[in-house]
Structure formats: C-alpha cells, structure tokens
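S.K.: Below is a structure I'd like to ask you about.
The values are calculated or read from the model by the stated rules, or taken from the named source; none is laboratory data. Every value quoted in this text rests on a predicted model; they were computed, and no experiment measured them. Because the Cβ atoms are built from the backbone with ideal geometry, glycine has one as well, and the counts that use them run over all protein chains shown.
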C-alpha cells in the first residue's frame, strides 16, 4: 500500500513539474480559439463590490475545490505551475464541447508519454463568487489527465491571488 502511495506521489511530482512547462510552450503556439457554442445555464451575476474566495489546502497541501466552469460543477485543483487550465475530454464534453470543438491537433508530452491536445475557450470559471470570463484551456485525452487543473490562464485574470498559512486568497478584478 505504501509503495503505491509513493509511486503515485512520484507521478504527481513529475506531472506537476514537467507538464506545466511543456503546456506553456504549447499554449504559446496555439492560435486564439474562436468562440465556441456553449450551453448557458442561469448563473447569478457576482455581487457588487470585490468578490473574494478563500480556499484551504488539503492534507497534501493542494488547493482542491469545486469550480463552476461554463455553469457546471467541476472538481479542480489550482496549480500555479500550470500555464493553462487543463481538462480531460470527458469533462470537456460535459461542459458542452462537441467533436467539432475538440480538434486534437496539438501534441503534448506528459509523464505518461505523448498525447494529443485541443485548445478551447471557456466562457467562465467561477469559485465562491469569484468569476472570470474567456479563459483559455487545453483539453487532454482521458488517459493523459484524470482530473482538472486550474492554471495560470485563470489565475492571471484575477485581481490577485496569495498563498499564506495553508490558505489561498483569490480576489476578482
């Protein structure tokens, strides 16, 4: 059991260090994605004033929470080392991206080897009242990415973010 945990932890470290740099290089070569058709759900507008969110790190020190992406609840982990928001194909389809939106023409290398990727534009990404619109994301095949990483294409659109004492504070512009 401990061996599995250590192997998994090692894989997480490798992915967390290698994937963000590679994705940054890939995102730099991706042209602006045209707006995509999105299924709209009724979502209340953020309250007047400065919206803020306070996230607490889990036992492993990661900031994992439920985000609303294009109006749908998605469990995601904030990764300040990831250049982009990264979602898997299953999540992308659940968010309303169809086969015509997912052109897997980019090649990326992950800890599991090389895989195809698609570039998409997310209408909005929300967490605890903080709302960001028009967020670039990369879609990886399910075998290459099991979860959702919330990277710099989200964080750079915030007014600020700060990590201190096991908590991350996000402030909307």
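S.K.: Provide a single number: the residues in region 63-92 that are touching a helix residue (DSSP H, G or I) at 6+ places or on another chain (Cβ under 9 Å) and closer than 19 Å to residue 164 by Cα.
M.R.: Number of matching residues: 4.
S.K.: Still on this model: Please work out which residue is modelled with the highest pLDDT, limiting yourself to region 122-151 and to residues that are under 13 Å from the mean Cα position of the chain (by Cα) and outside any strand (DSSP E or B).
M.R.: Taking the candidates together, the pick is 148.
S.K.: Let me ask something additional. Considering only residues that are at negative phi and either in a loop (DSSP other than H, G, I, E, B) or in contact (Cβ under 8 Å) with a residue 60 or more places away in the chain (or both), which ones fall in region 164-173?
M.R.: Keep residues of region 164-173 that are at negative phi, which gives 164, 167-173.
167, 168, 169, 170, 171, 172, 173 - these are the residues of region 164-173 that are at negative phi and either in a loop (DSSP other than H, G, I, E, B) or in contact (Cβ under 8 Å) with a residue 60 or more places away in the chain (or both).
S.K.: Another question, if that's okay. Examine region 132-153 for a residue that is under 24 Å from residue 51 (Cα atoms), surrounded by fewer than 18 Cβ atoms within 10 Å (Cβ to Cβ) and in contact with a strand residue (DSSP E or B) (Cβ under 8 Å, 6 or more places away or on another chain), and state whether such a residue exists. Walk me through it before giving the result.
M.R.: Narrowing region 132-153 to residues under 24 Å from residue 51 (Cα atoms): 132-137, 148-153.
Narrowing further to those that are surrounded by fewer than 18 Cβ atoms within 10 Å (Cβ to Cβ): 133-134.
So of that shortlist, the ones also in contact with a strand residue (DSSP E or B) (Cβ under 8 Å, 6 or more places away or on another chain) come out as 133-134.
Within region 132-153, one or more residues are under 24 Å from residue 51 (Cα atoms), surrounded by fewer than 18 Cβ atoms within 10 Å (Cβ to Cβ) and in contact with a strand residue (DSSP E or B) (Cβ under 8 Å, 6 or more places away or on another chain).
S.K.: In this structure, is residue 122 buried (at least 18 other Cβ atoms within 10 Å of the Cβ), out of contact with any helix residue (DSSP H, G or I) (no Cβ under 8 Å at 6 or more places or on another chain) and within 18 Å of residue 62 (Cα to Cα)? Walk me through it before giving the result.
M.R.: Numbers: buried (at least 18 other Cβ atoms within 10 Å of the Cβ): yes; out of contact with any helix residue (DSSP H, G or I) (no Cβ under 8 Å at 6 or more places or on another chain): yes; within 18 Å of residue 62 (Cα to Cα): no.
No; evaluated as a whole, the condition is false for this residue.
S.K.: Report every pair of residues separated by at least 6 positions or lying on different chains whose Cβ atoms are under 7 Å apart, first residue within region 86-109 and on the phi > 0 side of the Ramachandran plot and part of a loop (DSSP other than H, G, I, E, B), second surrounded by 14 or more Cβ atoms within 10 Å (Cβ to Cβ) and at pLDDT 95 or above.
M.R.: Within 7 Å, the pairs are 96/70.
S.K.: May I pose another question? If a residue must be assigned to a strand (DSSP E or B) and under 19 Å from residue 157 (Cβ atoms), how many such residues does region 48-65 contain? Walk me through how you get there before you give the answer.
M.R.: To start, the set of residues in region 48-65 that are assigned to a strand (DSSP E or B) comprises 52-56, 63-65.
Narrowing the set further to residues that are under 19 Å from residue 157 (Cβ atoms) leaves 52-55, 63, 65.
Of the residues in region 48-65, 6 are assigned to a strand (DSSP E or B) and under 19 Å from residue 157 (Cβ atoms).
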